[in-house]
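Structure first, then comments.
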């Protein structure tokens, strides 16, 4: 069945280098450095990535960083809490725009 | 047995590309002895398919041959495994005899066996004979541990670890207690050092448990775990992950290059995993304990297959944990 999201397409990510090899190389090097151990551990970075994957609702990233989080030693309790962080920020971002709604309503109301 | 996996480079070709073929042993630092397949647990990842119903066990004649081979050899380390080796009726005698020869003896322990009837005094036995304990603990939480090893396993394991700590294991420098981690599914183990720090912090904080080292071991695509991979449709992906993660440094340090594994029936293997595939030592080296030839075995060509990717993926995996930094 045709679908916009195909799990096998994740393996074709490297194809994005075909028409812009320099940009792909730069992106790949940057990506590797971002996820290397630094002030944060690789495990902590994988949990952040998992949360962001849910915020941007990328199925490829959710697959990849669920596995990565497990392979870095995280457990489902920690991973579920990470997802809730994304949910809280997304929900909070919507809710805080309610202030704009209130300001607008106040501006056109008695 | 393993199942041919489409789309991956054969292990032999990866060895050739890395300049490691033919793949030879470098010596015999360890004799791993499998006393049998009987176990009080039936873990989902078990490559031995061990369990309470298994009856395969090393007979007295074979055990005596193993002991006389060890007595005549300079092999410094004996690694006792199973099943749960403690359930063998001559386990204590065997371990004590190996120690009597001055060998370092590693005893692989599933922890819960220490709570079985007749096994309660084993921590004291281990300590009295100065055995190195390699204890399986898949994770520092109940959920992950019980999912792999059965309901109630985590609590029993914690109790067993406390009993080991009480006799000095993991606490006193000469009583070495190492934990062994296996992933709880079709994914690779985490980097060993980071996970060891997590285990140390969590086990001490929540249970007051101390240990020396944590070894991370990949799940091998064999036997019970292979069944899980097929049922869950993860086989192809898992093999691709293993093969894609081939690390020539890990291959160079693979445990089979420094050990021989002897099965409960006296057959010799390059490792415990080949043992479960009935892939005996070959290429001109003897495949029976009664035909032991240290010279030939120490330089033998190792029998390999695609399952060997399980030991060479990522940071590498062995009975002694990670085998490379990357």
Problem set entry | Nearest 10 degrees, 0 to 90: helix A:59-71 Cα axis against chain A principal axis | 70 degrees
Exercise. In the range B:1-96, if every C-alpha pair distance is counted and binned at 5 Å from zero, what percent goes to each bin?
Worked result: 3, 11, 16, 14, 14, 14, 14, 10, 5, 1
Seminar exercise, completed: When B:312, B:112, A:41 are ranked with the fewest other C-beta atoms within 10 Å first, the list becomes A:41, B:112, B:312
For this session: Can you tell me the relative contact order of the range A:23-107? Whole percent, Cα pairs under 8 Å, sequence separation 6 or more.
Result: 26 percent
Exercise. Hey, what's the Kirkwood Rh for the range B:166-293 if you take every pair of different alpha carbons, in angstrom?
Worked result: 17.5 Å
Exercise. Pairing the Cα long axis of helix A:42-55 with the longest principal axis of chain A, what angle in degrees results, from 0 to 90 and rounded to the nearest 10?
Worked result: 50 degrees
Exercise. Scaled to the compact-protein estimate 2.2 N^0.38 Å, what is the alpha-carbon radius of gyration of chain B, rounded to two decimal places?
Worked result: 0.94
Problem set entry | Zero-based 10 Å bins, Cα pair distances in the range A:23-107, whole percents | 17, 37, 25, 14, 7, 0
Seminar exercise, completed: Expected unfolding gain across residue A:76-residue A:55 under the 0.36 nm per residue rule, minus the alpha-carbon gap, is 5.8 nm
Seminar exercise, completed: Expected integer from the mean partner chain Cβ neighbour count at 10 Å over A:69-80 is 5
Exercise. Using Cα atoms only, what is the angle between the long axis of helix A:21-35 and the major principal axis of chain A, expressed in degrees (0 to 90) to the nearest 10?
Worked result: 80 degrees
For this session: Going by C-beta contacts inside 10 Å, put B:292, A:24 in order with the fewest on the left.
Result: A:24, B:292
Problem set entry | Debye intensity ratio I(q)/I(0), log10, the protein assembly as shown, q values 0.07, 0.12 Å⁻¹ (C-alpha model) | -0.40, -1.05
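None of the figures in this text is laboratory data; all of them are computed from the coordinates on show. Keep in mind the model is a prediction, meaning the values are calculated, not measured. Cβ coordinates were reconstructed from backbone atoms using ideal geometry, including for glycine residues, and neighbour counts include every protein chain displayed.
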